[in-house]
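Encoded as structure tokens, the structure appears first; notes follow it.
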Amino acid sequence: MSLDPAKLFLAAIYRWPVLARRHCVVCDRNVGGFLPYRGGSKGLPPAMAALGIVGSDVDHFECPRCGAHDRLRHLFLYLDRAGVFDRMRGARILHGAPEIALATRIEAQAPSRYVQCDLFPSRPGIERVDLTAMPFDDASFDVVIANHMLEHVGDLPAALREIGRVLAPGGMGILQTPYVPMLEATIDDAGVQSDRARLQLYGQEDHVRLFGRDIFHTFARHSGLVSKVATHDELLPDIDAYRYAVNRHEPLFLFEKSA
Ligand SMILES: [Zn+2]
């Protein structure tokens, strides 16, 4: 959590149990609210607001208790309900850009092999791995998790091919990625190189494209995996998106390798 005084004040208020109207599924605690990201939706680039990007819930972003972001809270609910956590028991897991809370939960499932990797490792125990050229054998993992990574990768077809390659038959890829349902086609223009232009056009300075609704077909085509994408209403109809502060428009990006 940053040391912004306004944010610290809000965090103190939201931790107050009397206001506990919301629940963080990651730390399993009731909280008064969640902290906004960069000033919330009012701080969104105008194009992102107009296009209705489905990504983080910037108004209810960060848990004042454990710091978990909304996309991680949603992923916890999804992985639990879709049986992916159960599937991890004794399995081989590859976890890209690993969130500490998710890593802890995965380790509790006692996988037979658990590799945490990132292009720029942020702590010990994370292997330096380029998603577009992974140093792993074919079919060496049962679950691959790439949570909000593919909007950052330059060579998307290579990354998707690699994810499909390292997954074993029957394996699952969890590929959460922001996208715009309104857009027919992904926007990805090689001329867009400045931070300012990427922020306005793609929603963040370090995003290299803005996915449209062709994302599901693109992911399946390049990875060779089968789309098992499911919506919040399909998988989590009993989960109140307000109380859990998750984006109910964000689906579970689940892709499976044919057995
Ligand atoms: Zn929490």
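Yes or no: Leu183 within 25 Å of Val84 (Cα to Cα), at pLDDT 95 or above and of a type in the set (A, V, I, L, M)?
Working: within 25 Å of Val84 (Cα to Cα): no; at pLDDT 95 or above: yes; of a type in the set (A, V, I, L, M): yes.
No.
Within the bounds of region 95-102, is there any residue that is out of contact with any Leu (no Cβ under 7 Å at 6 or more places or on another chain), in a helix (DSSP H, G or I) and under 29 Å from Leu210 (Cα atoms)?
Within region 95-102, one or more residues are out of contact with any Leu (no Cβ under 7 Å at 6 or more places or on another chain), in a helix (DSSP H, G or I) and under 29 Å from Leu210 (Cα atoms).
Just one of (1) touching a residue at least 60 places away in the same chain (Cβ under 8 Å); (2) assigned to a loop (DSSP other than H, G, I, E, B); (3) within 26 Å of Pro45 (Cβ to Cβ) trips up Thr218, so point out which.
Here Thr218 meets the rest and fails (2).
Can you tell me which residue is farthest from the ligand (Cβ to nearest atom) among those in region 9-31 that are at pLDDT 80 or above and of a type in the set (Lys, Arg)? So that I can check it myself, show each step before the final result.
Our first condition is that a residue be at pLDDT 80 or above; within region 9-31, this holds for 11, 21-31.
Then keep just the ones that are of a type in the set (Lys, Arg); that gives 21-22, 29.
Details: Arg21: 14, Arg22: 10, Arg29: 6 Å.
Checked region 9-31; the qualifying residue farthest from the ligand (Cβ to nearest atom) is Arg21.
Do we have Ala190 as surrounded by fewer than 16 Cβ atoms within 10 Å (Cβ to Cβ) and of a type outside the set (Val, Ile, Thr) here? Before the answer, list the steps.
Working: surrounded by fewer than 16 Cβ atoms within 10 Å (Cβ to Cβ): yes; of a type outside the set (Val, Ile, Thr): yes.
Yes, satisfied.
Could you tell me which residue of region 169-182 is farthest from Val246 (Cα to Cα), considering only residues that are of a type outside the set (Val, Ile, Thr) and buried (at least 18 other Cβ atoms within 10 Å of the Cβ)? Step through it out loud before you land on a result.
Step one: list which residues in region 169-182 are of a type outside the set (Val, Ile, Thr), which gives 169-173, 175-176, 178-179, 181-182.
Okay, now just the ones that are also buried (at least 18 other Cβ atoms within 10 Å of the Cβ), so 171-173, 175-176, 178-179.
Values: Gly171: 26, Met172: 23, Gly173: 21, Leu175: 17, Gln176: 14, Pro178: 14, Tyr179: 16 Å.
It comes out as Gly171.
Looking at this structure, is Ala6 away from the ligand (no atom under 15 Å from the Cβ), closer than 30 Å to Lys228 by Cα and surrounded by fewer than 13 Cβ atoms within 10 Å (Cβ to Cβ)? Please lay out each step first, then the result.
On the way: away from the ligand (no atom under 15 Å from the Cβ): yes; closer than 30 Å to Lys228 by Cα: no; surrounded by fewer than 13 Cβ atoms within 10 Å (Cβ to Cβ): yes.
No; evaluated as a whole, the condition is false for this residue.
Which one is surrounded by the most Cβ atoms within 10 Å (Cβ to Cβ) among residues in region 225-250 that are without any contact (Cβ under 8 Å) to a residue 60 or more places away in the chain and part of a loop (DSSP other than H, G, I, E, B)?
This residue is Arg248.
Could you grab me the full set of residues in region 205-215 that are under 16 Å from the mean Cα position of the chain (by Cα) and without any contact (Cβ under 8 Å) to a residue 40 or more places away in the chain?
Across region 205-215, the qualifying residue is only Ile215.
Could you check region 216-259 and list, in sequence order, the residues that are at positive phi and either within 18 Å of the chain's Cα centre (by Cα) or among the acidic types (Asp, Glu) (or both)? Break it down stepwise before answering.
Pass one, region 216-259, residues at positive phi: 224, 245.
Ala245 - this is the single residue of region 216-259 that is at positive phi and either within 18 Å of the chain's Cα centre (by Cα) or among the acidic types (Asp, Glu) (or both).
One residue is enough: does region 102-118 have a residue meeting the conditions among the aromatic types (Phe, Trp, Tyr) and either buried (at least 21 other Cβ atoms within 10 Å of the Cβ) or in contact with a Gly (Cβ under 8 Å, 6 or more places away or on another chain) (or both)? Reasoning before the result, please.
Keep residues of region 102-118 that are among the aromatic types (Phe, Trp, Tyr), which gives 114.
Retained after the next criterion (residues that are either buried (at least 21 other Cβ atoms within 10 Å of the Cβ) or in contact with a Gly (Cβ under 8 Å, 6 or more places away or on another chain) (or both)): none.
Scanning region 102-118, I find no residue that is among the aromatic types (Phe, Trp, Tyr) and either buried (at least 21 other Cβ atoms within 10 Å of the Cβ) or in contact with a Gly (Cβ under 8 Å, 6 or more places away or on another chain) (or both), so the answer is no.
The values are calculated or read from the model by the stated rules, or taken from the named source; none is laboratory data. Here the structure is a predicted model, which means the values were calculated and not measured. Cβ atoms come from the backbone with ideal geometry, glycine included; neighbour counts cover every protein chain shown.
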